[in-house]
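The values are calculated or read from the model by the stated rules, or taken from the named source; none is laboratory data. What you see is a predicted model, and the numbers here were worked out from it, not measured in a lab. Cβ sites come from the backbone with ideal geometry, for glycine too, and all protein chains shown count toward neighbours. Keep in mind that these areas ignore ligands, DNA and RNA; they rest on the heavy atoms of the full protein, side chains included. Shrake-Rupley method; radii C 1.70, N 1.55, O 1.52, S 1.80 Å.
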Amino acid sequence: MEDLESPAVKGPILMRKCDHQGENQGFRRQVAKSDKFAEPIAEDRQIYPRELNTPDCRSASFSK
């Protein structure tokens, strides 16, 4: 599965070769009222690339 990119609900996920961790995008959302729906809905405010959202290979924390 190394370097396999697979579609997912959140967007494509890439299986890294170095540590077999799946890289996926990150999202910042805001819940707000909508004229289209009775309940508030979540709206995407920012999408973070998977390289920024996933720690470096064989690391438990993010690089600075």
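If you check every pair at least six apart or on different chains, which have Cβ atoms under 7 Å apart with a residue in region 1-21 that is at negative phi first and a residue that is of a type in the set (Ser, Thr, Tyr) and part of a strand (DSSP E or B) second?
If the second residue must be of a type in the set (Ser, Thr, Tyr) and part of a strand (DSSP E or B), the pairs left are PRO12/SER6; ILE13/SER6.
Out of GLU5, GLU43, GLU39, GLU51, report the one residue that is modelled with pLDDT under 90 and among the acidic types (Asp, Glu). Please lay out each step first, then the result.
Numbers: GLU5 fails: modelled with pLDDT under 90; GLU43 fails: modelled with pLDDT under 90; GLU39 fails: modelled with pLDDT under 90.
Exactly one of GLU5, GLU43, GLU39, GLU51 is modelled with pLDDT under 90 and among the acidic types (Asp, Glu), namely GLU51.
Test each condition in (1) in a loop (DSSP other than H, G, I, E, B); (2) within 16 Å of the chain's Cα centre (by Cα) for ASP44 and report the one that comes out false.
(1)
What number of residues in region 16-43 are of a type outside the set (Phe, Trp, Tyr) and open to solvent by 80 Å² or more (accessible area, probe 1.4 Å)? Break it down stepwise before answering.
Narrowing region 16-43 to residues of a type outside the set (Phe, Trp, Tyr): 16-26, 28-36, 38-43.
Now drop any that are not open to solvent by 80 Å² or more (accessible area, probe 1.4 Å), which leaves 17, 20, 28-31, 33, 35-36, 38-39.
Of the residues in region 16-43, 11 are of a type outside the set (Phe, Trp, Tyr) and open to solvent by 80 Å² or more (accessible area, probe 1.4 Å).
Scan region 6-15 residue by residue and report those that are surrounded by fewer than 10 Cβ atoms within 10 Å (Cβ to Cβ) and more than 11 Å from the chain's Cα centre (by Cα). Give the derivation first.
First pass over region 6-15, keeping only residues surrounded by fewer than 10 Cβ atoms within 10 Å (Cβ to Cβ): 7, 9.
Within region 6-15, just PRO7 meets the criteria.
So TYR48 passes all but one of these: (1) open to solvent by 80 Å² or more (accessible area, probe 1.4 Å); (2) free of Cβ contacts under 8 Å to residues at least 40 places away in the same chain. Which condition number does it fail?
(1)
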